[in-house]
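Q: Below is one structure. I have some questions about it.
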C-alpha cells in the first residue's frame, strides 16, 4: 500500500469498546446517509474481527446496516467487488 509521505500507517491499533463506539460519532458529508458513512469508515479503519464487533454495537444503537450510499448501494453491494472483503461481507450477512 502506497502512503503519502505525511501519512503514517497504523498497525495493531487497539479497538477496545470505547474506540469501537467512537466510530458511531462520525458525521457524514452532505448528501451521505449517516449510517452508511459510519459503516464505510469502520470497514476502512478496522480489521475484519474488529468490524464484526463494531457491527454488534452499531445494530444495538439502532443503526441501519442496510443503509445506502448516494448511488443507492449498501456497503455489502459495494464490497462484493473487493478482493479482501469476504470476512467483512460474512459479518454483514450474519445481521440478516
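The values are calculated or read from the model by the stated rules, or taken from the named source; none is laboratory data. In this text, all values refer to a predicted model and were calculated from it rather than measured experimentally. Please note: Cβ atoms are built from the backbone with ideal geometry, for glycine as well, and neighbour counts cover all protein chains shown.
Q: Any chance the stretch 30-40 includes a residue that's in contact with a strand residue (DSSP E or B) (Cβ under 8 Å, 6 or more places away or on another chain) and surrounded by 14 or more Cβ atoms within 10 Å (Cβ to Cβ)?
A: yes
Q: Test residue 49 against the stated conditions and say whether it is in a helix (DSSP H, G or I), surrounded by fewer than 13 Cβ atoms within 10 Å (Cβ to Cβ) and modelled with pLDDT under 95.
A: Yes: the conditions hold for residue 49.
Q: Determine, yes or no, whether residue 76 is buried (at least 17 other Cβ atoms within 10 Å of the Cβ), on the phi < 0 side of the Ramachandran plot and not in a loop (DSSP other than H, G, I, E, B).
A: Yes; evaluated as a whole, the condition is true for this residue.
Q: Residues 60, 71, 90, 67: which one is in contact with a strand residue (DSSP E or B) (Cβ under 9 Å, 6 or more places away or on another chain) and at pLDDT 95 or above?
A: 67
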